[in-house]
1. If VAL96 satisfies every condition in (1) of a type in the set (A, V, I, L, M); (2) without any contact (Cβ under 8 Å) to a residue 40 or more places away in the chain; (3) surrounded by 15 or more Cβ atoms within 10 Å (Cβ to Cβ) but one, which is the exception?
2. So in the stretch 6-27, with the set limited to residues that are more than 25 Å from the chain's Cα centre (by Cα) and of a type in the set (Ser, Thr, Tyr), which one is modelled with the highest pLDDT?
3. For the stretch 46-60, which residues satisfy the criterion of being without any contact (Cβ under 8 Å) to a residue 24 or more places away in the chain and either over 20 Å from TYR138 (Cβ atoms) or open to solvent by 100 Å² or more (accessible area, probe 1.4 Å) (or both)?
4. List the pairs whose first member sits in the stretch 66-87 and is within 20 Å of ARG29 (Cα to Cα), whose second member is open to solvent by less than 100 Å² (accessible area, probe 1.4 Å) and part of a helix (DSSP H, G or I), and whose Cβ atoms are under 6 Å apart, counting only residues at least 6 apart or on separate chains?
5. Can you pull out every residue in the stretch 8-36 that is within 17 Å of TYR88 (Cβ to Cβ), among the hydrophobic types (A, V, I, L, M, F, W, C), in contact (Cβ under 8 Å) with a residue 24 or more places away in the chain and not in a loop (DSSP other than H, G, I, E, B)?
Amino acid sequence: MREFRSRDGDPSQPSLLVVYDAATHDKSRCSPVFSLDRNGKPVVTNRGSYYKNVRKEWASLVAAPSYARFQDALAFTRSIGDFHLHVYGVTHLPEVQSIDLNTVFDSLSEVNAYEDPTNPPTVAVVLASDGIWDNWDYKDVTSFIVNPELRRHSVRRVNEGKSSSSDDDDDPHIGHTKHVSRSLIRTNAEYASRNFGNQADNATGIVLLIHPVDTPTRK
């Protein structure tokens, strides 16, 4: 950030402010998230005003410096269209990671061979807005998605012909995935009401349950 654009009069600091949110209109006056140690390295200050989620993460912002013409602030470090903040370092470029699913399935297969050889390994991917992530510990989302009781319930509904009018739901994998995603949204609504009341954020979630298939490289 300092290399992109340093602060006027202080090249050791970036122009873009990273601050803890507080009840003030002028975000440049909020407490900084980072301070510099004697070697010029950033250190987290942990002086936030309030938690933004159940994981007790401080609410924080990136904000334009006090001398900027437009005093904008944003709760994200990636965005499209926030031009007043782009000039200070907010980027539209995403952070991307690649994972080899064959490697993941191989490691899961070794565990399943001992625990439940009849149950194929599954990789769960949850894409969700902060209206969901604000209400969960990450490990609890994992436990919820792979809960065996959810699978037994959805398979039973498919067998009874109650899952949906869609022909796709004849496939137990599809019926189960739909049941899991709907259950996640319903449960999250209860959590959001309890945690944030009428201040709860809107919630969007997509659940992908990925199963291995036999291929020439995977048997």
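The values are calculated or read from the model by the stated rules, or taken from the named source; none is laboratory data. In this text, all values refer to a predicted model and were calculated from it rather than measured experimentally. Using ideal geometry, Cβ is built from the backbone for each residue, glycine included, and neighbour counts are taken over all protein chains shown. For the accessible areas, the whole protein counts, side chains as well, though only heavy atoms, and no ligand, DNA or RNA atoms are used. Shrake-Rupley method; radii C 1.70, N 1.55, O 1.52, S 1.80 Å.
1. (3)
2. SER15
3. Our first condition is that a residue be without any contact (Cβ under 8 Å) to a residue 24 or more places away in the chain; within the stretch 46-60, this holds for 46, 51, 56-57.
The answer is ASN46, TYR51, LYS56.
4. SER66/SER28; PHE70/HIS84; ASP72/HIS84; ASP72/LEU85; ALA73/LYS27; LEU74/LEU85
5. Answer for the stretch 8-36, where residues must be within 17 Å of TYR88 (Cβ to Cβ), among the hydrophobic types (A, V, I, L, M, F, W, C), in contact (Cβ under 8 Å) with a residue 24 or more places away in the chain and not in a loop (DSSP other than H, G, I, E, B): LEU17, VAL18, VAL19.
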